[in-house]
Amino acid sequence: MRKPIIAGNWKMNKTASEAISFVEAVKNNIPANSAVDSVVGSPALFLQSLAEAAKGTELKVSAQNCYFENAGAFTGENSPAAIADLGVQYVIIGHSERREYFHETDEDINKKAKAIIANDMTPIVCCGETLEQREAGETASWIKGQVENALDGLTNEQVANLVVAYEPIWAIGTGKSSSAADANETCGVVRETIANKFGQEVADKVRIQYGGSVKPENIKEYMAEEHIDGALVGGAALEADSFLALLEAVK
Ligand SMILES: O=C[C@H](O)COP(=O)(O)O
């Protein structure tokens, strides 16, 4: 039985005081030993204060990116070792916005996944196709390639413990969510790809999220699907009430 995981991704939104207000509003409203893992993905600027504010509660904090080296002459980058030292537990990597605007490659994402795991954090590895790829019938082969490349060289145990987020790019922030059946089909491709590369036992353990215009009103439809174990949520995770409503709908 895979434990559901709901992760908010704030992207480049919020000031420090807004970020803290969110965590203060949410952290004590998640019951102890919750049946759902709750994660909030913050800009790097607020990770320290959020990790301190959330310490000892059920709310976990995620970075939205990191570099793949722990230290060195990499101006402007954030070290995974330094992020882990703050008490951060997750790092989102390979989001389509980072691939598109910051030219991240599958190879970068693979190196980041290894660095995050080496620092005892959990990567949330994103994959997803464009509308053109979907219309050309290339979704399954594209997702298979992204997943194989991102996870290459990881051990079975490492893969079993990470999270994959399937986010069709055309559904992100557009209000045009994928149907639950279509999302499940592609999450099934992710699981099959992992089964072929790492074995069925690993594939049965890995948690796969759907992301793209998820909100409290539609999350149950996704969570009812066989291969969907949670959601990576942008817009509907920006406000505490909406984030709590997502958790409430899943528990
Ligand atoms: O990381 C989150 C996704 O990009 C989804 O964003 P959205 O829920 O605003 O569509």
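For segment 87-92, 3J(HN,Hα) computed residue by residue from phi via the Karplus equation (6.51, -1.76, 1.60; θ = phi - 60°) reads x, 7, 9, 10, 9, 7 Hz, glycine and proline entered as x.
Give the ranking of Y90, Y67 by solvent-accessible surface, highest area first, calculated with a 1.4 Å probe.
On the way: Y90 20, Y67 45 Å².
The ordering from most to least exposed comes out as Y67, Y90.
Karplus-based coupling profile of segment 161-170, in residue order and whole Hz: 9, 8, 10, 10, 10, 8, 10, x, 4, 6, with θ = phi - 60° in 6.51 cos²θ - 1.76 cosθ + 1.60 and x standing for Gly or Pro.
Panel values: the chain, Kirkwood radius from alpha carbon pairs, Stokes-Einstein at 37 °C and 0.692 mPa s, translational diffusion coefficient 183 µm²/s. Residues whose amide H comes within less than 5 Å of that of V214, counting only those at least five positions distant or on another chain, are G234 (H built at 1.01 Å from N in the peptide plane). Of the solvent-accessible surface of the chain, computed with a 1.4 Å probe over protein heavy atoms with every protein chain present, carbon and sulfur atoms account for 48 percent. Computed from backbone phi with θ = phi - 60° and the Karplus coefficients 6.51, -1.76 and 1.60, the 3J(HN,Hα) list for segment 228-233 is 9, 10, x, 9, 10, 10 Hz; x is used for glycine and proline. Note that the chain presents 45 Å² accessible area per residue, ligands and nucleic acids not counted, probe 1.4 Å.
The values are calculated or read from the model by the stated rules, or taken from the named source; none is laboratory data. Source: prediction; values computed, not measured. The protein model used for the area step is the full one, side chains on, heavy atoms only, and it has no ligands, DNA or RNA in it. Shrake-Rupley method; radii C 1.70, N 1.55, O 1.52, S 1.80 Å.
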